[in-house]
Amino acid sequence: MSADEDALVAAAWAVREHAYAPYSRFRVGAAVRGASGRIYVGANVENAAYPVGACAERSAVCAAVSAGERQIVAVGIATDTDAPVSPCGLCRQTLREFGADMEVVLASRGDARRRMRLSDLLPMSFGPEDLAADDGAD
Ligand code: THU
């Protein structure tokens with residue numbers, strides 16, 4: 001545990017308060033740290049047209065990238081659950097675009113924490129380098 005991690009996880013807990021989750025009642029907060037060192041946050045934002053809802057992780061990535069970040073070094077995810085909740089497949093791939101081996105910290109009830117790398121959650125992932133490996137000439 002470090003001061004950087006504490007700040008990231010605190011930001012995830014704080015933004016969770018703003019989650020818009022009237023349908024699932026499952027509130028999630030996420031915070032990402034860009035290469036600049038700045039933290040960006042996102043909460044889940046649901047919609048009456050259910051599939052339109054956005055997860056907290058993707059909201060946070062969109063905030064970071066919209067602010068000019070192109071590399072994410074860590075993500076913290078906070079849920080008020082007994083066990084840590086790990087990001088869905090869509091969010092894993094979204095995160096991967098900006099840091100294949102970023103740190104992941106999952107915080108749950110009582111601020112219990114579990115730490116891992118994104119590459120543990122998404123092994124053998126597909127990314128921008130794979131597209132670049134094809135010169136486009138058949
Ligand atoms: N959700 C997230 O925001 N992040 C996760 O890691 C898991 C699920 C949201 C999506 C939806 O608003 C609610 O939690 C229930 O699935």
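Cβ separations smaller than 7 Å between residues 6+ apart or across chains give the following pairs from segment 3-31 residues that are more than 15 Å from Cys91 (Cβ to Cβ) to residues that are in a helix (DSSP H, G or I) and at pLDDT 95 or above: Tyr23/Tyr50; Arg27/Arg16. If you filter segment 26-45 down to residues that are part of a strand (DSSP E or B) and within 8 Å of the ligand (Cβ to nearest atom), you find that the one that is farthest from Ala100 (Cα to Cα) is Val45. Remark: pairs (first residue in segment 75-94, within 17 Å of Arg33 (Cα to Cα); second residue away from the ligand (no atom under 11 Å from the Cβ) and at pLDDT below 95; Cβ separation under 9 Å; 6+ apart in sequence or on different chains) = Ala78/Asp111. Checked against the criteria, Gly76 does not count as modelled with pLDDT of 95 or more and within 9 Å of the ligand (Cβ to nearest atom). Where helices (runs of 4 or more DSSP H) fall wholly inside segment 82-134, the ranges with 2 or more residues that are farther than 19 Å from Ala7 by Cβ and more than 12 Å from the chain's Cα centre (by Cα) are 118-121, 128-132.
The values are calculated or read from the model by the stated rules, or taken from the named source; none is laboratory data. All values derive from a computational prediction rather than experimental measurement. With ideal geometry, Cβ positions are generated from the backbone for all residues, glycine too; neighbour counts draw on all protein chains shown.
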